[in-house]
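Here's the structure we're looking at; comments come further down.
Just so it is clear, none of the values below were taken in a lab; they were calculated from the coordinates. Predicted model only: the values in this text are computed from it and were never measured. Note: ideal-geometry Cβ built from the backbone for every residue, glycine included; neighbour counts use all protein chains shown.
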Amino acid sequence: MTPEVEIKFDCPPDAIEAVLLRVLHAPPQDRTLLSVYYDTPDEALAAAGASLRLRSEASGRTVQTLKAGWGLARDEVEAEVAPGHLDLSWPELAGPELAGPELVGPEFAGLGLAVIGLDRLAPRFSVRVRRRSGVVEVGPSRIEAAFDEGEIRAGDRRAAVCEVELELLEGDRGDLLNLARSLVGELPLTLSLRTKSARGADLAADRPWPRAAPVALAGGVTAGEALRQALLGSLAEVAGRAPGAANDPSVEAVHQMRVALQRMRSLALIFRRRLDEAPAATVRAGLRDLSRACGEVRELDVLMAMGPAGPALDSVLSEARHRAAAGLSASLAAAPARLTLLEGLLLAETGDWPGLALNAQGAAEGLGSELDRRWRRIHREGQAADALGPEDLHALRLRIKAFRYALAAFECPDWRRAAPGFEAGLRKAQDALGLLNDAAMAEGILSRLALDSEGRRAARRLVSGLRRRGDARRALKAVDKLVQGPAPRFT
């Protein structure tokens, strides 16, 4: 297969014309494309990280395309075929080399499309777009810029498409990345790692936006490759949730966005020794800023979920939530956020860290050594938790949460068999310490609000209720149970 090096962005429909004029300096080629995607009833191709489509053009030409992988570079093979007819004679369709061993699930490893046969492959969904495209020259490199507007159709379901794709035709990746940086800094382009095929598969199955799936540490996968996949998975979720949280910052949208940000931050923190230091620090800082913007909204949501606190306080909290949500929307749409997402992609896909010797070792052993180090610190502090003050207990909670998110990013049966209740214990300790912190969080928020006497009385009642809910003895008991119970050895 020929690697396709491409970066894709979501773009607001009302901005596509301005973006097109900014990027292309000559009239674009204008085409209507209809793509029909095929898969088996049990989605064997999608499970292998691959897609198979027939794309028809108004000229009558039909091209069959097979793609595999995700991220900055994807494997691709395509050729013209007879209209409406799949050609399964390609060598690439014969076996597990379709996507490479790290992407082929065990249920697909022994199958090729020639074995599956035409009778099991059927159209799953279609994508019709108006594509305007042209070639941009950056230094010695040639880059195709394509602007797609249209929709995905799966039965009676529809999903809009408005994307900008930058594909390196020839030259240096650095030129592609420099062009992407300059455009993201100026234009409302949000990184997207969700392919049309993945979006269509979810639409056809009526599935909600997926959380990042755990990366299986099996089949000889290295620590570097497993970490790359985990970073890409968490980044895909962050990038995918950003537009929704910006356009409609509902309670659930903000919560899911914040969790996605924390998952990626945790990976970049727990495994930072294995990443290039400066780019990783830049990404962590950007994710931290976005997490704080989400946190302001989320903390107000927590207070408001306690129930009616009285008209005076409820009104002020609602107004504060409205302001915080507007600030979050502005932050997610601003250039720093867009650049953070792009830098996250470059962290996962470029740099020197994948070639480090410590990243060439087996994933379970290599990543497990980092988890062992982190767990030893949590265990040591947890054993002395009854002597810790509020700030240190809060710091312990944050360490437990980061550790839990990093652990959940990987699937290693040996880790879970050693201590089956360990992850539940992490969650209970984190939640109990969180309740302990809620009263302090509420006091900080309420002290910044302009409250009248009635509002201040309601605020005191609210803080008092949070203090009763955040029981120190319960929190210390949960921590003690965690550190005294069985824990896996990760190496």
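Here are a few things to note about the model shown:
- Across the chain, Cα pairs under 8 Å and at least six residues apart give a relative contact order of 14 percent.
- Extension gain, Asp172 back to Asp87 (0.36 nm per residue minus Cα-Cα distance, nm): 27.3 nm
- Rounded, prolate or oblate (a/c below 1.5 giving rounded, otherwise prolate when a/b exceeds b/c) for segment 126-260 by Cα gyration tensor: oblate
- Extension gain, Gln383 to Ala450: 0.36 nm times the residue separation minus the Cα-Cα distance gives 20.0 nm.
- From the alpha carbon centroid of segment 413-471 to that of segment 249-283 is 22 Å.
- Reachable lysines, given that their alpha-carbon falls under 17 Å from the alpha-carbon of Lys428 and they are not under 8 places away in the same chain: Lys401, Lys477, Lys481
- Rounded if a/c under 1.5, otherwise prolate or oblate - segment 333-409, Cα gyration tensor axes: oblate
- Efficiency of FRET from Cβ geometry, Ala440 and Glu43, R₀ 35 Å, rounded to 0.05: 0.15
- Cα pair distances in segment 227-484, grouped into 10 Å bins until the bin that holds the longest one, percent each: 7, 27, 31, 25, 9, 2, 0
- As a calculated quantity, the FRET efficiency between Ala26 and Ala330 at R0 = 41 Å, using C-beta atoms, amounts to about 0.75.
- Extension gain, Glu411 back to Glu186 (0.36 nm per residue minus Cα-Cα distance, nm): 77.1 nm
- Inter-label distance, nm, simple model (7 Å from Cα along the C-beta direction), Arg473/Arg272: 3.8
- Sorted by Cβ density within 10 Å, fewest first, the residues Met257, Met306, Met441: Met306, Met441, Met257
- Segment 216-243 and segment 326-398: distance between their alpha carbon centers, rounded to Å: 14
- Here r is the Cβ-Cβ distance between Arg376 and Asp156 and R0 is 56 Å; the resulting FRET efficiency, rounded to 0.05, is 0.55.
- On Cα atoms only, tilt of 472-484 relative to the major axis of the chain in degrees: 60
- Relative contact order %, segment 227-484, counting alpha carbon pairs below 8 Å whose residues are six or more apart: 24
- Average projection, convex hull of the Cα set of the chain: 25.4 square nanometres.
- Here's the picture: charge each Lys and Arg Cβ at +1 and each Asp and Glu Cβ at -1 in the chain, and of Ala324, Ala223, Ala18 the one pushed furthest to the positive end of that dipole is Ala324.
- Stretch in the chain that is longest and holds no GluC sites (Glu not before Pro) that DSSP places in a loop and that have at most 16 other beta carbons within 10 Å: 108-491
- Shape of segment 342-491, Cα gyration tensor, a/c cut at 1.5: oblate
- With the cut-off at under 20 Å, measuring from each backbone N in segment 215-238 to a point 7 Å along the Cα-to-Cβ line of Ala360 picks out 218-229.
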